[in-house]
Amino acid sequence: MIIFCLLLAAFSSPVFTGEWKANVVKELEVLVTSCAVIPCTYTHPKDHTPTSRQRRIWHRGSNKEERIYAEDQTLVLENFKGRTQMFENQNENNCTLEMTGIQGHDNGPFCFRIELVQKGSDTPSTDKFSFVENCVTFKILNDQKPKLTQQQTAIQGKPYVITCSVTHTCPSKMPKLTWNRVTTDDAITVVHKDNRFGYWETESILTFIPGEKDDHSEISCTAEFNGGKTSQTTLMLYVKRTETYNHIIIPTVAVIGTAAIFAVICTVMVKRYRKRIDELQSRDGRIRSHASGPSRADPRPANQKVTKGRFPSPKSPPKSCNYRQDADDGDDHMNALDNNVYGNM
């Protein structure tokens, strides 16, 4: 049963059924002024063995006379002369076309056609096949920026990797990727990849050891495409300092030093204020002891008797005065009275 299915699939293929088929990519994003390679393969019936007498032709749209490529360049449209050629070696079933100097109006569609030439002449036979149902169209791009991919964290003194990549349609003339930093310690590796379906990728891998001076610096990658068009992408690099004991010792010493200075200042201030308080307390004690001590000594001798003052009895008749007091003698009169009073004491 399995063998029968395999035989059925083989005989139903285009090779055995006598069909001509072309496999062409449907759409390509192409950078203006650059180039494009259109992947194309085709199949043919078994009895038509591929020979050099097969003519491969590309034309624009459904008009078979608007040829963009032909072996005879006189049959090619003026706008496409010198810009199209069959890509690399044309082995069996290969119809890949390369177009350079892409212009803004090169939108397509572009279709493949094959003609069989009679043996011994250049006259084409009646076997002509145009694959107008399998054509390619171009989406013209005015700019195509490279993409930067980097590690999450850049650490001072440790290797760091940044990758610059760009997708293109021109494997015969690869884009050139350059960096804005070039040192003897930097390592750059270039890689080319075939992403298939008409797209290729060029990568430039930059490996370097970031230092403290690289913190907050700009890393740029520039792509130069075939035709001279350039595009640039830039990123900001942030470098993390190496984790050492310095980030512990330095803050600790700073804290201890600050605490020691503060303690010295507090000690000096406390001593000064304590001395001041002692002086105030000593002065206050002397004032209190002076106020509560004995009164000033009496100048009279201790054995001297103190006699009580004698005053005239109210019943005694007042002494007569044989003078009349004048207004001017007021002071003398007062002095006389004082002498009289204190004299009787």
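Looking only at residues in region 104-136 that are in contact with a Ser or Thr (Cβ under 9 Å, 6 or more places away or on another chain) and open to solvent by 60 Å² or more (accessible area, probe 1.4 Å), the one that is modelled with the lowest pLDDT is Lys119.
With respect to the stated conditions, Lys229 fails to be within 41 Å of the chain's Cα centre (by Cα), closer than 30 Å to Cys135 by Cβ, at pLDDT 90 or above and open to solvent by 70 Å² or more (accessible area, probe 1.4 Å). Every test in (1) closer than 30 Å to Gln85 by Cβ; (2) open to solvent by 50 Å² or more (accessible area, probe 1.4 Å) is passed by Cys170 save one, and that test is (2).
For region 48-100, enumerate the residues that are in contact with a Leu (Cβ under 7 Å, 6 or more places away or on another chain), among the polar types (S, T, N, Q) and at pLDDT 85 or above. Of everything in region 48-100, just one residue is in contact with a Leu (Cβ under 7 Å, 6 or more places away or on another chain), among the polar types (S, T, N, Q) and at pLDDT 85 or above, namely Thr84. Here Tyr238, Tyr199 are screened, and the one residue that is among the aromatic types (Phe, Trp, Tyr) and either within 30 Å of Phe87 (Cβ to Cβ) or at pLDDT 95 or above (or both) is Tyr199.
The values are calculated or read from the model by the stated rules, or taken from the named source; none is laboratory data. What you see is a predicted model; the values in this text were computed from it and never measured. Note that each Cβ is placed from the backbone with ideal geometry, even for glycine, and that neighbours are counted across all protein chains shown. Calculation scope for accessible area: heavy atoms of the full protein, side chains included, ligands and nucleic acids excluded. Shrake-Rupley method; radii C 1.70, N 1.55, O 1.52, S 1.80 Å.
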